[in-house]
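The values are calculated or read from the model by the stated rules, or taken from the named source; none is laboratory data. Since the structure is predicted, the reported quantities are computational estimates derived from the model, not experimental observations. Counting neighbours? That spans all protein chains shown, and the Cβs are built from the backbone with ideal geometry, glycine included. Protein only, heavy atoms only, side chains kept; ligands, DNA and RNA dropped before computing areas. Shrake-Rupley method; radii C 1.70, N 1.55, O 1.52, S 1.80 Å.
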Amino acid sequence: MFPGYISGFTPPDREALRADLGYRPDERICLVTVGGSGVGTHLLRRAAAAFPLAERRIPGLRMVAVTGPRIDPDSFTSLPAADGLEVRGYVHDLYRHLAACDLAVVQGGLTTTMELTASGRPFIYVPLRHHFEQNFHVRHRLDQYSAGRCLDYDQTGPEALAQAIAAEIGRPVSYRPVEADGAARAAALLAELL
């Protein structure tokens, strides 16, 4: 039996959170993150290539690309330098940044996409092509919440991704609310066994 979603974070006032994280009110934050594996290099590179095109459409755009533990952030030095594009290897309390961003571009991992759904943030997710969980389980779960915009990797060329970023950033969302009682339900189920 599935007890429901369990999150350890209830987002505070979003503007206060953004200020605490160092995001200015005039910035539009696009957070790109691909999780803890090394397979997200290509999506990170595509997002970085889309940045100049998206920046022309979105005043004040700032893109923060998080490489994670298995992708060397220095491997992105071959990209043309662009003001407003940051590549970071690690971001402390990433879930807080997800709650504060104006848009996230992510792979199809369940934890990240559900954090975005629970925080009510618009996001684009690009599941790994032959990854069963991301293509079926996660996509089904997100469809139940009417959350996120799914793109196939073939739809993430620079121009297409820039258009998707411009269309989705700051978009008001009307996701179905994520249940907040998963931990209490799990504890009750365990208590029945004791």
- the stretch 52-69 - residue that is of a type in the set (G, A, S) and under 14 Å from the mean Cα position of the chain (by Cα) and, of those, nearest to C30 (Cα to Cα): A65
- Query: Of the residues T67, T111, which is open to solvent by 50 Å² or more (accessible area, probe 1.4 Å) and of a type in the set (V, I, T)?
  - Reply: T111
- Item | In the stretch 158-177, residue modelled with the lowest pLDDT [restricted to those that are open to solvent by 20 Å² or more (accessible area, probe 1.4 Å) and among the small types (G, A, S)] | G170
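Conditions (1) without any contact (Cβ under 8 Å) to a residue 40 or more places away in the chain; (2) hydroxyl-bearing (S, T, Y); (3) in contact with a strand residue (DSSP E or B) (Cβ under 8 Å, 6 or more places away or on another chain), marked per residue:
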| position | (1), (2), (3) |
| --- | --- |
| E15 | yes, no, no |
| V34 | no, no, yes |
| H42 | no, no, no |
| A49 | no, no, no |
| R57 | no, no, no |
| T67 | yes, yes, yes |
| R96 | no, no, no |
| V105 | no, no, yes |
- Query: Among L53, L43, L31, which is touching an Asp or Glu at 6+ places or on another chain (Cβ under 7 Å), open to solvent by less than 50 Å² (accessible area, probe 1.4 Å) and not in a loop (DSSP other than H, G, I, E, B)?
  - Reply: L53
- With criteria (1) open to solvent by less than 80 Å² (accessible area, probe 1.4 Å); (2) within 19 Å of L98 (Cα to Cα); (3) assigned to a loop (DSSP other than H, G, I, E, B); (4) aliphatic (A, V, I, L, M), A180 comes up short on (1)
- Considering only the stretch 12-28, how many residues are assigned to a helix (DSSP H, G or I), aliphatic (A, V, I, L, M) and within 23 Å of D83 (Cβ to Cβ)? 1
